[in-house]
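Q: Sharing a structure with you now.
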Amino acid sequence: MTDTAFDLLILGAGPGGYVAAIRGAQLGMKVAVIEREHLGGICLNWGCIPTKALLRTAEVAHLISHAKDYGITVSGTVSFDTAAIVKRSRQVAGQLSAGVKGLLKKNKVTVIDGQGKLLGGGRVSVEKAGAAVGTFAAKSIIIATGARARVLPGLEPDGKLVWTYKEAMVPTVLPKSLLVIGTGAIGVEFASFYRNMGVEVTLVEVLDRILPVEDEEISALAAKQFTKQGMKIRTSTKVVKLDKAADSVTATLDLGNGKTETVTVDRVISAVGIVGNTEGIGLEATKVKTDRGHIVTDGWLRTDEPGVYAIGDVCGPPWLAHKASHEGVLCVEKIAGVQGLHPIDARNIPGCTYSLPQIASVGLTEAKAKAAGYELRVGRFPFIGNGKAIALGEPEGLVKTVFDAKTGELLGAHMIGTEVTELIQGYTIAKTMEATEAELMHTIFPHPTLSEMMHESVLAAYGRAVHY
Ligand SMILES: Cc1cc2nc3c(=O)[nH]c(=O)nc-3n(C[C@H](O)[C@H](O)[C@H](O)COP(=O)(O)OP(=O)(O)OC[C@H]3O[C@@H](n4cnc5c(N)ncnc54)[C@H](O)[C@@H]3O)c2cc1C
């Protein structure tokens with residue numbers, strides 16, 4: 001049987017794979033995308049989108065609990081319909097996954113339902129439930145198989161008492177108490193969702209602060225606000241053992257000072273990292289290299305096997321949907337010979353955590369900028385000085401801007417507070433355009449908006465903030 005031939009074959013239809021497929025089709029390529037489970041990948045089905053739907057419920061609950069502050073009386077007790085909350089989240093995910101199907105169809109991308117495996121020599125086999133679907137060939141192949149939750153020995157999820165993000169997203173009843181292991185964006189978002197649903201949450205981090213990739217000042221403010229909301233936070237603490245009973249788990253915590261402590265909870269969420277889906281995809285038939293569970297690529301997403309590329313989570317951190325999509329477009333445009341492309345600058349990839357309060361950042365933290373040898377000018381502007389934040393009833397938060405004192409180059413921006421995940425894009429555009437303080441100061445910001453805090457934070461770095 002001869003192979004069905006394409007210009008471009010893509011393994012995996014997450015935000016990396018499906019976006020690459022559409023861009024390839026736009027550039028005139030004959031494209032097929034192979035997907036074993038669900039169009040839209042983790043992002044649309046089990047990641048970014050359904051968690052944001054859950055967090056919206058948490059936000060509404062939070063607002064209702066503060067209704068009095070806005071002059072609204074809500075009588076009776078507020079209760080939660082877990083099934084309805086989860087149903088809404090699943091519906092949102094389903095709607096978007098269906099949207100991807102429509103987009104692929106509109107762009108005449110062939111969707112092959114099954115598990116793809118590289119055979120070497122530009123060929124891929126696909127099977128579904130053990131039965132062969134066919135063999136395919138292409139000049140270019142992109143691996144976009146994504147990643148899955150990392151499992152640590154002794155903390156293995158069982159889907160019942162010890163959850164990964166998948167079970168945490170579809171609870172049948174809300175637990176009374178919850179231990180969240182790991183304080184990256186995923187752990188913190190679930191901790192925030194469940195706490196706002198009234199669950200007793202303990203958040204454990206082995207490093208000395210939560211959200212360890214964020215600026216230290218922002219981590220500290222986040223810890224303060226989460227603690228105020230009733231979350232228990234344990235840093236420099238390692239969960240060493242989980243003892244399961246019929247409907248509870250007792251975790252042994254190593255406090256790092258020779259002492260241990262136990263905590264008993266209804267459920268545990270393990271959010272200790274991500275590992276690439278590199279197994280069972282035929283890498284052994286190629287020269288593709290891996291390093292600590294991720295595929296190694298160059299700045300143009302090329303692997304060591306000619307004609308084979310890799311994008312998104314399977315290539316390692318940061319594990320973010322927008323990074324996967326951007327890599328997909330870049331990779332395909334490079335294959336098509338588009339001129340004027342630039343490899344991705346990791347310092348221009350924004351990162352967001354959609355907890356209550358939200359956290360967002362781009363570029364170097366103050367500590368990293370110092371360590372890189374820059375002389376700094378740092379501006380800070382608190383939410384309390386912003387009219388829109390006060391009108392919204394959201395006066396807590398900070399916008400911090402880091403500049404190179406010598407050149408005025410914008411090095412980084414770090415924020416905590418309501419809607420900062422929307423605000424960060426202002427700084428991201430500025431960073432991509434290599435803006436300095438001069439352009440940012442001359443920009444006119446609409447009033448009243450939270451975005452004015454960006455202006456004020458820039459001005460503050462030069463001792464010129466007006467409203468604080
Ligand atoms: C709970 C959670 C919340 C998140 N929230 C955010 C967020 O708010 N913002 C953000 O930017 N990122 C978020 N992420 C991360 C985001 O989901 C990932 O970065 C993104 O999905 C990566 O895209 P990808 O295309 O590389 O891989 P995936 O989305 O993982 O897609 C890979 C696809 O490949 C398929 N596949 C794998 N192997 C094969 C094979 N052999 N053959 C055929 N198909 C295969 C899989 O079924 C999957 O559909 C979150 C993740 C989680 C878990």
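The values are calculated or read from the model by the stated rules, or taken from the named source; none is laboratory data. Keep in mind that this is a model prediction, so the values were computed, not measured. Note that each Cβ is placed from the backbone with ideal geometry, even for glycine, and that neighbours are counted across all protein chains shown. Accessible surface areas use protein heavy atoms only, side chains included; no ligands, DNA or RNA. Shrake-Rupley method; radii C 1.70, N 1.55, O 1.52, S 1.80 Å.
Q: Can you list the lysines whose alpha carbon is less than 19 Å from that of Lys30, not counting same-chain residues fewer than 8 positions off?
A: Those lysines meeting the cut-off are Lys101, Lys105, Lys106, Lys108, Lys139, Lys334.
Q: Counting DSSP beta bridges in the chain, what percent are antiparallel, to the nearest 5?
A: For the chain, the DSSP antiparallel bridge percentage is about 60.
Q: In sequence order, what are the phi-derived ³J(HN,Hα) couplings for segment 413-427 according to the Karplus relation 6.51 cos²θ - 1.76 cosθ + 1.60 with θ = phi - 60°, rounded to whole Hz, with x for glycine and proline?
A: With coefficients 6.51, -1.76 and 1.60, one gets 9, 9, 9, 9, x, 5, 6, 5, 5, 7, 5, 4, 5, x, 5 Hz.
Q: For labels at Ala67 and Lys289 in the simple 7 Å Cα→Cβ model, what's the distance in nm?
A: 6.1 nm
Q: Further, regarding this structure: Dipole magnitude of segment 1-131 about its Cα centre, charges +1 at Lys/Arg Cβ and -1 at Asp/Glu Cβ only, in debye to the nearest 20?
A: The calculation lands at about 240 debye.
Q: Could you work out how much longer the chain between Arg90 and Leu119 gets when fully extended? Use 0.36 nm per residue separation minus the Cα distance between them, nm to one decimal.
A: 6.9 nm
Q: Per the Kirkwood treatment, what hydrodynamic radius in Å, one decimal, follows for the chain from the mean inverse distance over all distinct Cα pairs?
A: Answer for the chain: a Kirkwood hydrodynamic radius of 23.9 Å.
Q: Whenever you get a sec, compute what percent of the accessible area on the chain sits on carbon and sulfur atoms (1.4 Å probe).
A: 55 percent
Q: Name the residues of segment 427-468 whose amide N is less than 16 Å from a point 7 angstrom out from the Cα of His342 along the C-beta direction?
A: 427-437
Q: Mind giving me the nanometre distance, one decimal, between the label points for Asp298 and Lys166, set 7 Å out from Cα along Cα→Cβ?
A: 3.7 nm
Q: Using a Förster radius of 60 Å, what is the FRET efficiency between Val173 and Ile390 based on their Cβ-Cβ separation? Nearest 0.05, please.
A: Given R0 = 60 Å and the Cβ-Cβ separation, E is 0.95.
Q: May I ask you to compute the full-extension gain from Lys108 to Glu156, defined as 0.36 nm times their residue separation minus their alpha-carbon distance, rounded to one decimal in nm?
A: 13.1 nm
Q: Order Asp69, Asp243, Asp81 by their accessible area, 1.4 angstrom probe, all chains in place, largest first.
A: Asp69, Asp81, Asp243
Q: Excluding residues fewer than 8 places away in the same chain, name every one of the lysines whose C-alpha is closer than 16 Å to that of Lys224.
A: Filter leaves Lys232.
Q: Measure out, as a whole number of angstrom, how far apart the alpha-carbon centroids of segment 351-369 and segment 399-468 sit.
A: 14 Å
Q: May I pose another question? Among all the aspartates and glutamates, which ones have a C-alpha under 12 Å from Lys160's C-alpha, if same-chain residues fewer than 8 places away are not counted?
A: Reachable aspartates and glutamates: Asp247, Asp266.
Q: Can you work out the accessible area per residue across the chain, with the rest of the protein chains kept in place, probe 1.4 Å, in square angstrom?
A: 46 Å²
Q: Probe 1.4 Å, all protein chains in place: accessible area of Tyr165 in Å², nearest 10?
A: 30 Å²
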